[in-house]
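Engineer: Sending over a structure as structure tokens; questions will come in a sec.
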Amino acid sequence: MSLLLSPLAIDGRTVRNRLWVSPMCQYSATDGLPGEWHHVHLAQFASGGAGLVIAEASAVVPEGRISPGDTGLWNDAQRDAWAPIVAAIHSRGAAAGIQLAHAGRKASTWRPFDDERGSVPVERGGWATVAPSAIAFDGYAEPAALDTAGIERLVTSFADAARRADEAGFDLLEVHAAHGYLLHQFLSPLSNHRDDEYGGSLENRARLLLRVVEAVRDAAPGRILAVRFSATDWADGGWHVDETATVAGWVGGLGARVIDISTGGLVAHQRITTGPGYQVPFAATVRERTGLLVTAVGEISDGPHAERILQDGLADAVMVGRGWLRDPHFALRAAAELADDDAAAALWPPQYVRARPRA
Ligand SMILES: Cc1cc2nc3c(=O)[nH]c(=O)nc-3n(C[C@H](O)[C@H](O)[C@H](O)COP(=O)(O)O)c2cc1C
């Protein structure tokens with residue numbers, strides 16, 4: 001039996017395997033409501049054998065959306081639209097997660113498949129953005145610096161969204177503190193120039209994230225709490241892996257059970273060296289420093305590669321993004337690649353079993 005396709009116990013729950021679907025925005029919602037596209041899109045990965053399917057970055061307030069097409073969890077209608085999607089994922093044997101997000105200064109942008117780039121003007125359906133400091137992301141509109149009342153409202157919004165995620169039935173709630181979005185903007189000295197208790201020292205820059213993690217934990221106490229970090233800004237003077245490991249330890253102390261390690265996204269002048277598994281060493285460092293369950297993501301393209309990462313003790317589970325878009329039955333294929341017949345027998349939907357390759 002492979003490690004990749006063996007169950008993982010987290011916080012009293014069992015996830016059927018360690019090959020997960022990384023959150024991926026579809027930019028296909030109206031008024032933050034997930035619809036028919038999201039239902040089919042997410043359920044197909046559960047049919048394809050994923051252990052956990054994490055739904056895309058979903059905004060906790062409307063102005064936290066990356067684009068006007070983002071999903072959200074700022075009202076009960078959105079909760080009610082997520083619930084049948086969660087049920088569809090569950091009925092196919094996978095656990096369901098959702099990423100709770102606020103895009104900060106990277107909000108109100110055109111969708112990747114729109115003809116235009118950068119910020120959507122207010123008169124064309126965009127909105128004014130907020131951030132720790134009034135520093136624009138290169139080429140985007142300048143955000144307003146959040147005041148203390150705005151920060152308080154944000155913490156409450158994360159808690160309210162977490163309660164709705166819990167009511168919709170999600171097993172795992174992931175706080176999005178990566179990819180240059182709002183919580184990452186607070187963490188990084190490149191985007192946070194505040195001189196109050198939310199800026200300056202590491203403790204201060206991490207304060208909002210820690211408050212959000214506590215608020216989410218308290219609003220959804222029975223669910224698995226995860227945090228996604230960018231382990232480095234890939235830029236001089238930016239956020240880096242030592243700080244990531246320290247803050248990951250702090251959120252672990254507050255009840256986060258899964259640390260999801262990605263990188264980058266904060267500044268346009270980042271210099272990334274990509275390649276197969278290029279973010280895995282960051283996950284390994286955080287895992288070693290914290291002892292928490294850590295996931296690796298980024299150009300992990302097949303079962304044997306994912307299995308090696310786990311066998312080498314570099315991560316506890318593997319997230320795949322684009323690989324699932326290329327092949328929604330990624331885990332069924334991984335079972336064949338790893339010659340894991342027990343996993344294949346358990347994962348193949350009975351409706352599809354006549355297509356299952358036999359050794
Ligand atoms: C279409 C698309 C949408 C994405 N949306 C999100 C998102 O909502 N939240 C997030 O944290 N990462 C997002 N990502 C990043 C992925 O989760 C993943 O970390 C990244 O694609 C690297 O993994 P991969 O090489 O397996 O694709 C997105 C990636 C893609 C391709």
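The values are calculated or read from the model by the stated rules, or taken from the named source; none is laboratory data. Note that the structure is predicted; figures quoted are calculated from it, not measured. For neighbour counting, all protein chains shown are included, and Cβ atoms are generated from backbone atoms with ideal geometry for every residue, glycine included.
Engineer: Taking the stretch 99-130 only, how many residues are of a type in the set (A, V, I, L, M), surrounded by 17 or more Cβ atoms within 10 Å (Cβ to Cβ) and more than 16 Å from the ligand (Cβ to nearest atom)?
Structural biologist: 2
Engineer: Looking at the stretch 46-71, I want the residues that are more than 10 Å from the ligand (Cβ to nearest atom) and have a partner that is of a type in the set (F, W, Y) and not in a loop (DSSP other than H, G, I, E, B) with Cβ atoms under 7 Å, at least 6 apart or on another chain. Which pairs are those?
Structural biologist: Here the result reads G48/F330; A50/W20; G51/W20; L52/W20; V53/F45; V60/F158, each pair linking the stretch 46-71 to a residue that is of a type in the set (F, W, Y) and not in a loop (DSSP other than H, G, I, E, B).
Engineer: What pairs come out if I take residues in the stretch 229-243 that are touching a residue at least 24 places away in the same chain (Cβ under 8 Å) and closer than 23 Å to E174 by Cα and pair them with residues that are acidic (D, E) and surrounded by 20 or more Cβ atoms within 10 Å (Cβ to Cβ) whose C-beta lies under 8 Å away, six or more apart or interchain?
Structural biologist: Close Cβ pairs (under 8 Å, with a partner that is acidic (D, E) and surrounded by 20 or more Cβ atoms within 10 Å (Cβ to Cβ)) amount to F229/D260; W239/D233.
Engineer: Turning to a different aspect of this structure: If you check R111, R79, R105, which single one turns out to be over 19 Å from V294 (Cα atoms), part of a loop (DSSP other than H, G, I, E, B) and among the charged types (D, E, K, R)?
Structural biologist: Residue meeting the stated conditions: R111.
Engineer: Ok, one more. Of everything in the stretch 323-338, what is touching a residue at least 60 places away in the same chain (Cβ under 8 Å) and assigned to a helix (DSSP H, G or I)? Give them in sequence order.
Structural biologist: Those that are touching a residue at least 60 places away in the same chain (Cβ under 8 Å) and assigned to a helix (DSSP H, G or I): W324, L325, F330, A331, L332, A334, A335.
Engineer: How many residues, within the stretch 29-74, are in a helix (DSSP H, G or I) and not hydrophobic (A, V, I, L, M, F, W, C)?
Structural biologist: Of the residues in that region, 9 qualify.
Engineer: Filter the stretch 339-349 down to residues that are touching a residue at least 12 places away in the same chain (Cβ under 8 Å) and either within 16 Å of the ligand (Cβ to nearest atom) or part of a helix (DSSP H, G or I) (or both), then give me how many there are.
Structural biologist: 6
Engineer: Residue by residue through the stretch 263-318, note down the ones that are of a type in the set (D, E) and either within 20 Å of the chain's Cα centre (by Cα) or under 21 Å from V21 (Cβ atoms) (or both).
Structural biologist: Listed by number, the residues that qualify are E299, D302, E307, D316.
Engineer: While we're here: Would you be able to tell me the number of residues in the stretch 166-183 that are within 10 Å of the ligand (Cβ to nearest atom) and closer than 28 Å to L8 by Cα? If you could, list the steps in order and put the result at the bottom.
Structural biologist: In the first step, residues of the stretch 166-183 are kept if they are within 10 Å of the ligand (Cβ to nearest atom); the result is 174, 176-179, 181.
Add one more test, that the residue is closer than 28 Å to L8 by Cα, and what stays is 174, 176-179.
Number satisfying all stated conditions: 5.
Engineer: Evaluate the following for A87: is it more than 16 Å from the ligand (Cβ to nearest atom) and either among the basic types (K, R) or under 27 Å from E337 (Cβ atoms) (or both)?
Structural biologist: no
Engineer: Within the stretch 184-208, track down each residue that is within 16 Å of the ligand (Cβ to nearest atom) and either touching a helix residue (DSSP H, G or I) at 6+ places or on another chain (Cβ under 7 Å) or free of Cβ contacts under 8 Å to residues at least 12 places away in the same chain (or both).
Structural biologist: Of everything in the stretch 184-208, those that are within 16 Å of the ligand (Cβ to nearest atom) and either touching a helix residue (DSSP H, G or I) at 6+ places or on another chain (Cβ under 7 Å) or free of Cβ contacts under 8 Å to residues at least 12 places away in the same chain (or both) turn out to be Q185, L187.
Engineer: If you don't mind, another one. Are there any pairs with C-beta distances below 8 angstrom linking a residue in the stretch 93-107 that is at pLDDT below 95 to a residue that is among the hydrophobic types (A, V, I, L, M, F, W, C), with the two at least 6 apart or on different chains, and if so which?
Structural biologist: Partner pairs satisfying both residue conditions: none exist.
Engineer: In the stretch 287-305, how many are outside any strand (DSSP E or B) and either within 16 Å of V53 (Cβ to Cβ) or away from the ligand (no atom under 15 Å from the Cβ) (or both)?
Structural biologist: In the first step, residues of the stretch 287-305 are kept if they are outside any strand (DSSP E or B); the result is 287-292, 298-305.
Add one more test, that the residue is either within 16 Å of V53 (Cβ to Cβ) or away from the ligand (no atom under 15 Å from the Cβ) (or both), and what stays is 287-292, 304.
The total comes to 7.
Engineer: Among the residues of the stretch 138-157, is there at least one that is assigned to a helix (DSSP H, G or I), over 25 Å from L208 (Cα atoms) and out of contact with any His (no Cβ under 7 Å at 6 or more places or on another chain)?
Structural biologist: no
Engineer: For E36, which of the numbered conditions (1) away from the ligand (no atom under 16 Å from the Cβ); (2) closer than 30 Å to E63 by Cα; (3) touching a residue at least 12 places away in the same chain (Cβ under 8 Å) fails to hold?
Structural biologist: Every condition holds for E36 apart from (3).
Engineer: When you scan the stretch 315-322, do you find a residue that is part of a loop (DSSP other than H, G, I, E, B), in contact (Cβ under 8 Å) with a residue 60 or more places away in the chain and surrounded by fewer than 22 Cβ atoms within 10 Å (Cβ to Cβ), even just one?
Structural biologist: Within the stretch 315-322, one or more residues are part of a loop (DSSP other than H, G, I, E, B), in contact (Cβ under 8 Å) with a residue 60 or more places away in the chain and surrounded by fewer than 22 Cβ atoms within 10 Å (Cβ to Cβ).
Engineer: Any residue at all in the stretch 206-222 that is charged (D, E, K, R) and under 21 Å from S262 (Cα atoms)?
Structural biologist: Yes: the stretch 206-222 contains one or more residues that are charged (D, E, K, R) and under 21 Å from S262 (Cα atoms).
Engineer: Residue by residue through the stretch 17-33, note down the ones that are more than 9 Å from the ligand (Cβ to nearest atom) and free of Cβ contacts under 8 Å to residues at least 60 places away in the same chain.
Structural biologist: S28, A29, T30, D31, G32, L33
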